[in-house]
Structure formats: structure tokens, C-alpha cells
1. Determine which single condition A:R147 fails, assuming it passes every other condition in (1) outside any loop (DSSP other than H, G, I, E, B); (2) touching a strand residue (DSSP E or B) at 6+ places or on another chain (Cβ under 8 Å); (3) of a type in the set (D, E, K, R).
2. Is one or more of the residues making up the range A:109-117 of a type outside the set (F, W, Y) and under 19 Å from A:L180 (Cβ atoms)?
3. If we keep just the residues of the range B:84-104 that are open to solvent by less than 20 Å² (accessible area, probe 1.4 Å) and of a type in the set (A, V, I, L, M, F, W, C), which is farthest from the other protein chains (Cβ to nearest Cβ)?
4. Kindly check whether there is at least one residue in the range A:196-219 that is crowded, with 20+ Cβ neighbours inside 10 Å and under 25 Å from B:V90 (Cα atoms).
5. Which numbered condition in (1) out of contact with any helix residue (DSSP H, G or I) (no Cβ under 6 Å at 6 or more places or on another chain); (2) modelled with pLDDT under 95 is the only one that B:V265 fails?
6. Consider the range A:11-47. How many of its residues are open to solvent by 20 Å² or more (accessible area, probe 1.4 Å) and farther than 18 Å from A:P160 by Cβ?
7. Please state which one of A:E121, A:E186, A:E111, A:E175 is at positive phi and either in contact (Cβ under 8 Å) with a residue 24 or more places away in the chain or outside any loop (DSSP other than H, G, I, E, B) (or both).
8. Of A:L152, A:L163, which residue is crowded, with 18+ Cβ neighbours inside 10 Å, touching a Ser or Thr at 6+ places or on another chain (Cβ under 7 Å), not small (G, A, S) and not in a loop (DSSP other than H, G, I, E, B)?
Amino acid sequence: MTASISSSISLRGVGRAFGATKALADIDLDLEPGVIGLLGPNGAGKTTLLRLLATALQPSQGEVRVLGRDLDVPAERTEIRRRLGYLPQEVGFPRGFTAFGFVDYIALLKEWAEPASRHAEVRRVLDQVGLSDLTTKRIRSMSGGQRRRVALAQALLGSPPVLILDEPTTGVDPEQRVTLRTVLAEIARTSIVVLSTHQTEDVAALCERVVVLDRGRIRYDGPVTELVDRAAGRVWLADAPDPAATVSWRTGTGRYRNVAAQARNGVEHVEPSLEDAYLLLRGDLPDSRPAAGAAT
Amino acid sequence: MTATLAASLPDAVDGRSTFVALAARELRRFVVNPVLLFAVVMSLWTASSDQAEVVLNFAVSPYPAIFLGGFGMMATYWLTRSMRNSEPVVGVTPISEPVRTAALCVVAIVPLLCGCVCLIMSLHFYPIGSPVYGDFSEPTQVAILVGQMVIPTLGGPLLGVALGRWVGFPGAAVVLFLLIFGWVNLATWPSLTRPDSAPAAALRLFSPFAYWSFAKNRVDLMTWRGSPWFFLGWQLALCAIAVLVALLRGADGPVRPRIGRALWVALLVAGILFVLANAIGVTHTVGA
């Protein structure tokens, strides 16, 4: 295997259409090692972008280079795949496979031909996702969260330089999510981890950088802290929904959390979260302003 | 759950050893397939008895072709389709789809070997030169036996892989099996009623499996026109076409036009062999 000539991913003017529908348009991105969060509403183009990065799709326009290799060139695409871990949004499992059997099969397809090292690697990743006790259990008899972890385990094979994860924590319990964050943070010291999720707390806990997509375009690309700072002074608690707020919702204490595009004085301000900032960003869009009082 | 990490991509990529390991894995999955196990048991069981009625009617037992070829096709079809749901993961691995298809094609060696065993067992009951084979020369009898008992056990499973790669309908292999079974019987019928007819012979030979003789009342043996040797070639060309059609799925870059060219050559060769199978050999029906 040749040494990688670049440790980054770059997208220039990338677009992807499905028939008349433009899923992505004019995407310019440079991704370096670290965890990059991808946020956006349903249909924003997150999964399409991840499938492009995972070589599962070709762009309709523009250029995608992963670790310096061109996605359009078949031989270079294979080189990318040798350095790639991909967890799709949905993974179907073949009938009769155990967790070990499935991950071992994928390891074989990732060119781990030597049985001893392959089995050791499979045990390592199953241990990483907390399935070391369930290696011989058939996947069909596993819970949704356990299946998700099997799917995640195959993506972690070989600690790849590029890890593309589409909603990795769906169905995973809180304790495992915390451990998973530790695993991903460790990988991200040397690898590019792109993480699409609807869980803003995962992004807040794990990512230095966040990309917000909406209708196939990048709405925000920058540090998580900067996005959160944008919401400073615009989030407050009140006993009732504030008509001036972009979004309001009832919290567990019975009080209402209000988020508004304009800073307010004379109210009980609270520390904004990434979720507040994201909602605020989404609320800025002319036709995506949620109704006040709606639980978003 | 632990957070231990080891950067551990496989050190060196050896395409051949990866392919061998993958083919071995597919073989292991295939040999426990219940449909294949049923086919093997039935084939060996039918081959272990003399199957007098069938053999005396058509000279050769069609059961290996039916079980190992037909049911073997269903087994490879389901094996090929088994990873379809995992395609989002499997499809972005460095092993390309044609290589995975080639590994699946290797499993056809299992029914092929079983077909060989059936042939050997059959020869125990009806050795070469037996009257049941009619007036064909002894080498031609070998060609007939191989063409009817061995090659279909290779071709059926290969066709199953091709079908699994291109057709999404879950019952496609069953439907194709019934179509081929029906076609072979239908195409044989004109040869029974018009044994000297060249179109009837062409119809009978335009198939992956063909009978070469029939014994009316198990006594009056008639052998049909055509060349069993060239028919054997036609069958092998069909096997090659099945493999190439299967490999075409997912092929990109310079591999795709190469497979495409090989497919055209195989089609041409198949056409020539089909013509020769009709034109050479016994040109008239021989009654015994």
C-alpha cells in the first residue's frame, strides 16, 4: 500500500442531482483530521454528501478529492476505499450471520486476508463498540442498538484515516454513546471523522467544527463554539412563550425556553446550547421559521 | 466497551490471497445452504440406484442436471443475493463487485464435483458401450454423458450467480428453473414426433440441456441428429456467457470494456458452436 499524499478531503463546486432534484449544489469544503459534525434538517443533503465522501456516489459536477485521490478515477477510488470506514444510515444484515461473522466478512472485503490478524482486528473493533460478549450471537436476534454497534464496528476496522458516520448513535444507549465519543475522539487525533447526526449534544461534545447544510447548500461552516456564541443573549427562560421568539418550548421545569433572532434585554438569559444556535440559524431562513411554541 | 486503538490497516494488499480467502469464505457459506444440501442428497440418491425407467427412455439420467443444475442455480442465486441488503457497506470496500462475483462463481465447483461423482456412479450401472446408449460411438457417448450429467451442474450455479447480480425479484431463480425445465421438455417434443427434422433438432439443441436419444417402449431406441461434441462446446460457451454477464455488474474503468469484448467473443463462439452442433455429427435419425 502506498503512503497517503494528503491527509485532507477537499470538495470543489460539488453538486449532485437525482433527476430534477438537486440534493447538493456548489459545495466547497476542506476537511482535516478531527471530528466534523454535519447538521441539517431532513432532506438537507447530509446523507448524499456522506455517500459522496464514502465513494458510494459520484458527483454530478465538481471535484471530490479524498486524501489527495480523485473520486472519479477507478484506481484512485479503490485507494480511497482502502482508507475508508463508512457507516451508512441503514445497514441490512444477511440472514444467519453472527456479529463476528459479519464483521469478519467485511474485514475480508477490506483485504485482511491473513486469518489471525483479521480475527484479532475483528475482536478489537467488537470490543470497542461493547459487543465482545455477543460475538457469537446472530445479528437477527440482536436489538436495534446492538445491530447499530455491529454496523459501527465494521466501519472502525483498521482505524481508517477517513471515517464517515451517518447517525452512528441512533438507538445506542447513553452510556454507550459516551464511550463511543471517547473512541471517536481518539480516532480523530489522526483521522478525519465526519459525523452526521440529529443529536446536537453529540456534536457539541465531540466536534470542533460543524457544517450545517440546508437544501443542499452549506449554511454554516466553522467552529462549534462560534456558532454557539452567535446565540449569546438570544436565549432566555420565561413563564410563557415569548411572541418575539423564533422558537419557544416548554422545558422540564415547566418554564419556557425562548430563542430569538434579536437579542433581548430585561429577561432571564441562559447559556445557549448548540441546539439553540442551530435552531436560531434555521430560523433565519425565510421559509423555515418554525411556529412559535412549536416543540422543535 | 474500551477505547483502545491501534492504527492497523492491512500491511500489504495481495489481490490473489484476498481472492482465495474470499472464495473459501463463499464456499463455506455455500456448502451449508439447505437447497444445495437437498440437491446433493437427491442427486446422489438417484445416482445410487439404476433409475432404469428414466435411463432406458433417455439413455442418461437427467437428475443431476435437475437437482445440481437447477437447485444449484437457486442456491447460488440466494447466495449472491444474500449480501444485497448490506450493499451500502459492501459496495464501498476495496474489493470490487466483479471480484466478489468471481469469488461467488468459484462455488460452482461444488455441484460440478458432485456431478462428476454422479457420472461415475451412473457408469457403474451403465458402462460406456451399453446398449442403452444406442449407436453412438464410445467417445461420443462420453460427450453425451458429460454434457447431460456434468456440464449442467456447472452451468446452473453459474447462471444463478448471473441472475443474482442482475435480477432483484426474490423468486427469479425458481421461475427461471421452471422456464428452462419447461423449455427442455417442450423443445424435445418435436424431435419425438419429427425425428428427422432439422428445425426440430435445432429447437432441441437451442437449450442448455438436450436429450440425444429416446427408446420407444424401452426397446426401439432412436438416436437424434446433431453433434454431442459441439453441443458440449455450446454448453461451455453458455457457462462462459453466464460468468461474463455476472462479472459485468459493477465493473468500471478499463475492466468493463474488457469484459464487454470477452462477452461478444463468447456470444460469437456460442453461435458458431450451436451451428456446428446442428450441422455436424449424426445428420439423420438412427433407429435401433
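The values are calculated or read from the model by the stated rules, or taken from the named source; none is laboratory data. For clarity, every value in this text was computed on a predicted model and none was experimentally measured. Quick reminder, even Gly has a Cβ in these numbers, built from the backbone with ideal geometry, and neighbours come from all protein chains shown. Just the protein is used for accessible areas: all its heavy atoms, side chains included, with ligands, DNA and RNA removed. Shrake-Rupley method; radii C 1.70, N 1.55, O 1.52, S 1.80 Å.
1. So the condition that A:R147 fails would be (2).
2. Initial filter on the range A:109-117 (of a type outside the set (F, W, Y)): A:109-111, A:113-117.
Narrowing further to those that are under 19 Å from A:L180 (Cβ atoms): none.
No, the conditions are met nowhere in the range A:109-117.
3. This residue is B:L104.
4. Scanning the range A:196-219 turns up at least one residue that is crowded, with 20+ Cβ neighbours inside 10 Å and under 25 Å from B:V90 (Cα atoms).
5. Against the list (1) out of contact with any helix residue (DSSP H, G or I) (no Cβ under 6 Å at 6 or more places or on another chain); (2) modelled with pLDDT under 95, B:V265 comes up short only on (2).
6. Taking the range A:11-47 first, the residues open to solvent by 20 Å² or more (accessible area, probe 1.4 Å) are A:12-13, A:16-22, A:26, A:28, A:30, A:32-33, A:41-43, A:47.
Next, from what is left, pick out any that are farther than 18 Å from A:P160 by Cβ: A:12-13, A:16-22, A:26, A:28, A:30, A:41-43, A:47.
Result for the range A:11-47: 16.
7. Details: A:E121 fails: at positive phi; A:E186 fails: at positive phi; A:E175 fails: at positive phi.
Matching residue, one of A:E121, A:E186, A:E111, A:E175: A:E111.
8. Details: A:L152 fails: touching a Ser or Thr at 6+ places or on another chain (Cβ under 7 Å).
Being crowded, with 18+ Cβ neighbours inside 10 Å, touching a Ser or Thr at 6+ places or on another chain (Cβ under 7 Å), not small (G, A, S) and not in a loop (DSSP other than H, G, I, E, B) holds for just one of A:L152, A:L163, which is A:L163.
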